[in-house]
Structure formats: C-alpha cells, structure tokens
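**Q** I'd like to ask you about the structure that follows.
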Amino acid sequence: MIVIALLNLACAARAGKIVRRQLNILQTSVLESKTLARGGMEFVYDYHFNADTIYNSSADDEQMLLQISPEGISKFSSLRNARIDSIIPTMSNEQILQNADKLLNGPMMNIFKNYPAGKLTHTEKIAQDWFRYEEEMPVIEWELGDSVKTVLGYECREANARFRGRDWHVFYTEEIPVMEGPWKLCGLPGLIMSATDRKGDYRFECVGVKQSATRPVCIYDVPYNKTDRKKFYDTLHRYDTNPYGYAETVCGVKITVTDSAGNPDPTAFDPMELNYDYLERDWR
C-alpha cells in the first residue's frame, strides 16, 4: 500500500512567493535489501542545506549516516530512513497511518563508495521510482591549509578544493586514518569531519563516532532505472520543478492540491524555477 501523506506546499518565501513544492510518499513496508559488507565504523553527520538561496527564508536539517566497512565499501545515507526501516516491521498498517507524520522519509539519496570496486554508485528515489548510476571514484585535487580545529575531540586540519561546481572548505583528522568523508567528498589522509561549501548553502558536521558497529552495509534490492549522472539530474530537476505533474504523468498517481480555503489550486501543476541548486552544480 502506498499512501500520499503530504501534498502541502513545503516552503514559502516572503510576499507569499512559493519557492519549493514537496511531495512526501509514506512507505508502509520495508524494501528488500542486499548486504554488501559487514558493519564497521559509523559516523553521524548533521546535514544543513539552504532550500531557498534567493530569499534565505528556508533551511533544512537532517542527520546522515556514514558507514565504512572493513572491506572498504562505504555508504552515506539518511539516518532517519535507517531508523524508519527498523521501526516499520514492528507496526501494523493502522499504527503506521496513525503515526504518518513521524514516519516520513528523510533524503532518499544513497552514496556508495568502492562499490563496485573502484566505482561510486548513487541510488535515489524520485517519486515512486528508484534510479541508479555508477561513476569512477572522484579524484579531488585538495589544497592543504594551515588552520586547525577540534571536532568531537579530534584534531582536524584544513583542506580546500573545487568539486562539481562548488568550492569546499573541510577539516579532516588523521586520527581516523580513512580517506573518507560525507557525501562524495573523500581523498584526504584522514576522515573529513566538517565540510562547508563557500556560499554556506551546504554543510556537513560530524556529531557522532562509533568505532565498531554491527549494522551491515546494505543496498535496496529493487528494480532500478539505470542511468548516468547527467540524465539523473535532468529527471530530478523535472520532478523538483513540478512534482505533482511528474507524479501524475510518470507514476500514474492522481493528486489534488487545494489552497488554505480548501479550493482546488490550478496553478499547482505549473512548472516553476527552483530557488536553490543541487550539491553538484555542474550537471547542466
């Protein structure tokens, strides 16, 4: 059973200008998964992103989970989704519907490094469809800096790089000697504990460290639309600029959007420009 749990406009800027529409679909069962590697180290990151870079009227915050297995495979995904996947099997459909607002998914982005070997795999759900693409592991040309700061008691050193259209300022620690980090950031002689793009639109900050975890690294075992990075972002942009129209046209879901007075809103299906850009700005 698929439930359209929220069809409201997600964000509004000053003077009533809509800056983002969002369609949340509540899952009532857990997807089948395939185990890729054993559990190893786990790191929790606060993920902050500006959802409205024109009016600065809205920002989102999520917690993300970085898993690093002994086999060298890593996964960066939503911590909220991992928790929901563990909770849903213990609930009846009635309980799920009663707690719908607490069970809405976080970001559906999953980033796997070194899976397959030497590759980066990106999976993400758009409306009701799953997409997957592979690319070569990114080689980021880091420039080391002189600044030092402490994150969670670890001494961290500064590094800077331009990657996928953004200038990144990060701090990494050699006390955790893995060439890993949040999202697609990697390649330094230690774990990236803090990362901010120069405009301040995106920020990752490590807030939790577990040196030994039993949770395995898994990937959803679902039918994927296999694509490439450019085509994926084209589809994502098509959805984000008109999620209701996309869901009706591509997924066959009937959607009715009303205003605050309960009247149908005929403008809800008009495509609109986004007031923000993605983590990767070089997709166009």
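**Q** Hey, any idea what Rg/Rh is for segment 75-192, computing Rh the Kirkwood way over Cα pairs?
**A** Rounded to two decimals, Rg/Rh equals 1.08.
**Q** For q = 0.14, 0.21, 0.22 Å⁻¹, what log10 I(q)/I(0) does segment 146-284 give under the Debye formula with an equal point scatterer on each alpha carbon and no solvent?
**A** Reported log10 I(q)/I(0), two decimals: -0.88, -1.23, -1.29.
**Q** Only Cα pairs under 8 Å and at least 6 apart count here; give the relative contact order of the chain as a rounded whole percent.
**A** 21
**Q** If you don't mind, another one. Per 0.36 nm of contour for each residue apart, how much would the distance between Glu135 and Leu152 grow if the chain were fully extended, relative to their Cα-Cα spacing? Don't jump to the answer; show the numbers that get you there.
**A** Working: separation 17, 0.36 × 17 = 6.12 nm, distance 3.23 nm.
The span from Glu135 to Leu152 would gain 2.9 nm if fully extended.
**Q** Cα centroids of segment 254-268 and segment 143-212: how far apart, whole angstrom?
**A** 44
**Q** Of all accessible surface on the chain at a 1.4 Å probe, what whole percent is carbon and sulfur?
**A** 47
**Q** Filter the GluC sites (Glu not before Pro) in segment 204-284 down to the DSSP loop ones having no more than 12 other Cβ atoms within 10 Å, then list what survives.
**A** Loop-located and lightly packed - Glu273.
**Q** Can you tell me the dipole magnitude for segment 117-173 around its Cα centre, using point charges on the Cβ only (Lys, Arg +1; Asp, Glu -1), in Debye to the nearest 20?
**A** 160
**Q** Given a 1.4 angstrom probe, what's the average accessible area per residue across the chain, in square angstrom?
**A** On a per-residue basis, the chain sits at 48 Å².
**Q** Rg (Å, one decimal) plus Dmax (Å, integer) for the alpha carbons of segment 211-284?
**A** Looking at segment 211-284, its Cα Rg and Dmax stand at 17.5, 54 Å.
**Q** May I pose another question? Given bins 5 angstrom wide, list per bin the percent of all Cα-Cα distances in segment 178-217, short to long.
**A** 6, 19, 23, 27, 16, 6, 3, 0
**Q** Sticking with this structure for a sec: Per the Cauchy relation, a quarter of the hull surface: what is the mean projected area of the convex hull of the alpha carbons in the chain, in nm²?
**A** The orientation-averaged projected area of the Cα hull of the chain comes to 15.7 nm².
The values are calculated or read from the model by the stated rules, or taken from the named source; none is laboratory data. The shown structure was predicted, so the numbers you read here are calculated from the model rather than taken from an experiment. Note that each Cβ is placed from the backbone with ideal geometry, even for glycine, and that neighbours are counted across all protein chains shown. The area values use the complete protein model at the heavy-atom level, side chains included, leaving out ligands, DNA and RNA. Shrake-Rupley method; radii C 1.70, N 1.55, O 1.52, S 1.80 Å.
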